[in-house]
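Written below as structure tokens is the structure these notes are about.
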Amino acid sequence: MNDTIGFIRDLPPQLIKAFSSTLEDSIESDLLLHVVDVSDSFLYEKMDVVDKILDEIGAKQLRILVFNKVDLISKEQYDDLKEKFPDKNIVWISVTK
């Protein structure tokens, strides 16, 4: 199991490097669970950064998106996410529901 820091916009370059180093440990895993806070307004931007880094380090494992905090989004947002990622392996979770 490998947990990474939550990605924050405008990280200094040295923190992005540390983030990449942490993700490099993921190459040894059989499966990657990409947990995403779907209520985050920078959701797509953060997902793109993680995917880009995983591609750069050569992570080829099956990736499952775990969309967290689904209870905090509207039905429209939920439908939009389903439409944007029709071919992805997605698990929808919420601590409260």
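Just so it is clear, none of the values below were taken in a lab; they were calculated from the coordinates. Keep in mind it's a predicted model, so treat the numbers as computed, not measured.
At a Cα cut-off below 17 Å, give the lysines reachable from Lys46, other chains included and same-chain residues fewer than 8 away excluded.
Lys17, Lys69, Lys84, Lys88
Residue by residue through the stretch 58-69, which ³J(HN,Hα) values in whole Hz follow from phi under the Karplus form 6.51 cos²θ - 1.76 cosθ + 1.60 (θ = phi - 60°), with glycine and proline marked x?
Calculated HN-Hα couplings, in order: x, 6, 10, 5, 4, 10, 10, 7, 10, 8, 9, 6 Hz.
Convert each backbone phi in the stretch 45-57 into a coupling constant with the Karplus relation 6.51 cos²θ - 1.76 cosθ + 1.60 (shift: θ = phi - 60°), then list the ³J(HN,Hα) values in order as whole Hz, x for Gly and Pro.
So the Karplus estimates, Gly and Pro as x, are 4, 5, 4, 4, 5, 4, 4, 4, 5, 4, 5, 5, 8 Hz.
First check a/c for the stretch 26-92, with a ≥ b ≥ c the square roots of the eigenvalues of its C-alpha gyration tensor; if it is under 1.5, answer rounded, and if not, answer prolate when a/b is larger than b/c or oblate otherwise.
Values: a/c = 2.21, a/b = 1.88, b/c = 1.17.
Taking the square roots of the gyration eigenvalues as a ≥ b ≥ c, the stretch 26-92 is prolate.
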